[in-house]
Amino acid sequence: MKQIGKLLLIFVFCFPSISFNAHASPAPSASADQAILIEAESGRVLFEKNAHREQKIASITKIMTAHLALKHGDPASLVKISPEASVTEGSSLYLKAGQKVSLSDLVYGLLLRSGNDSAVAIAEHISGSIEDFSKLMNEEAKKIGMKNSHFTNPHGLDLDNEHYSSSYDMALLTKEAMKDDLFAEIFGTKSHKAESLDPSPVWNNKHRLITGMYPHATGGKTGFTKQAGRTLVTTAKRDGMTLIVVTIRASNDWNDHMNLFEYGFANYKKTAILHPDTLPPFPGQNKNEFYSLVEPFEYPLSDKEKPLVTIEGKIPYSRTSPPVVTVKLDEEVIHEQELIRETRTSFFSNWEKFLEKVIFWQ
């Protein structure tokens with residue numbers, strides 16, 4: 001009978017025998033109106049509370065401002081401080097009109113000291129005006145997938161009711177911004193000397209988890225206005241896994257963040273699922289035709305979830321569409337990746353290591 005349809009592979013995903021941790025942390029509570037905990041690479045949500053509600057966010061807005069400054073500007077460039085920037089209300093670096101400050105120093109002052117004057121100076125430097133920079137902020141939010149956000153300024157002051165976001169959206173933004181090495185470095189800096197200013201001030205980070213309160217903290221941004229309340233973003237890393245916590249309007253945000261991190265690190269481990277390598281041959285496959293997994297894939301999993309992971313590969317007989325490998329957690333698709341076709345004369349060096357993992361049938 002003529003073979004039709006697709007070849008289906010189920011990669012048997014085996015883990016060592018599992019001993020469940022009787023002391024695993026229970027689901028946490030949070031004082032915040034909104035809270036979210038995600039794993040930074042996959043974006044998997046590990047805990048949430050009202051995470052998609054639109055609310056004022058205060059100075060955690062400056063994560064977007066810093067992200068765009070480094071994405072669209074030269075950190076070494078000098079920025080001339082305008083009269084408008086120099087008189088911006090609220091928290092300040094006390095910049096003076098006519099001063100020239102490096103963009104990198106402005107970003108340090110923005111994230112460590114929450115300088116509103118720095119935010120305006122950055123907006124004017126990147127886009128020419130606050131209005132045009134706000135448009136850029138909203139364009140970037142759309143690209144990132146922030147569906148419950150709208151920006152009208154670069155600092156987060158409560159100037160209108162059209163500036164808002166959500167804890168989920170701010171976690172997405174932080175995940176994206178952290179891909180930039182310089183952003184990640186500034187985000188986690190405890191103290192910085194602004195060499196482009198004379199005399200050169202030393203700015204200490206306001207974020208208490210970064211400056212010693214939580215040993216695994218790697219970055220973050222504080223925020224507060226009367227209307228928004230206390231807002232806070234923190235990143236932390238342990239055992240090769242980075243987590244992001246965002247809270248909005250929290251009465252006890254430092255403890256909220258530490259409790260959420262401890263819950264995440266206690267209950268989830270970053271688990272290698274796909275390993276780049278050449279797959280063994282499929283039924284009906286040309287003898288010189290082979291397929292490879294190119295990209296590794298890791299995902300945060302609890303012990304109870306590990307046996308629920310399956311990996312399926314589909315290769316069309318017609319070869320008219322690209323073959324794919326799909327990873328499922330229970331019935332939920334958590335990853336898809338195209339396989340790469342290659343031509344080889346020998347596959348035996350790779351065969352044995354895959355043989356015990358793979359079962360084929362038609």
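Descriptive notes on the structure:
Condition check ((1) among the aromatic types (Phe, Trp, Tyr); (2) open to solvent by 50 Å² or more (accessible area, probe 1.4 Å); (3) in contact with a His (Cβ under 6 Å, 6 or more places away or on another chain); (4) farther than 20 Å from Ser196 by Cα) across all residues:
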| site | (1), (2), (3), (4) |
| --- | --- |
| Pro83 | no, yes, no, no |
| Ser86 | no, no, no, no |
| Ser104 | no, no, no, no |
| Arg113 | no, yes, no, no |
| Ile122 | no, no, no, no |
| Ile126 | no, no, yes, no |
| Ser129 | no, no, no, yes |
| Phe133 | yes, no, no, yes |
| Leu136 | no, no, no, yes |
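- Filter result (of a type in the set (S, T, N, Q) and out of contact with any Pro (no Cβ under 6 Å at 6 or more places or on another chain)) within the stretch 63-100: Ser77, Ser82, Ser86, Thr88, Ser91, Ser92, Gln99
- When residues of the stretch 44-70 are limited to those that are in a loop (DSSP other than H, G, I, E, B) and in contact with a helix residue (DSSP H, G or I) (Cβ under 6 Å, 6 or more places away or on another chain), the one surrounded by the fewest Cβ atoms within 10 Å (Cβ to Cβ): His52
- Looking across the stretch 141-153, just one residue is in a helix (DSSP H, G or I) and under 24 Å from Asp117 (Cβ atoms), and that is Ala141.
- Note on the stretch 111-140: residues that are outside any loop (DSSP other than H, G, I, E, B) and over 23 Å from Ser166 (Cα atoms) total 8.
- Of the strands (runs of 3 or more DSSP E) lying entirely inside the stretch 173-292, the ones with 3 or more residues being open to solvent by less than 50 Å² (accessible area, probe 1.4 Å) are found at 217-225, 229-238, 241-248, 269-274.
- Considering the stretch 301-323, and only residues there that are open to solvent by 30 Å² or more (accessible area, probe 1.4 Å), modelled with pLDDT under 85 and assigned to a strand (DSSP E or B), the residue that is farthest from Leu274 (Cα to Cα) turns out to be Lys314.
The values are calculated or read from the model by the stated rules, or taken from the named source; none is laboratory data. It should be emphasised that the depicted structure is a prediction, and the values quoted were computed from it without experimental measurement. Glycine also receives a Cβ, built like all others from the backbone with ideal geometry; neighbour counts cover every protein chain displayed. Ligands, DNA and RNA are excluded from the accessible area calculation, which covers all protein heavy atoms including side chains. Shrake-Rupley method; radii C 1.70, N 1.55, O 1.52, S 1.80 Å.
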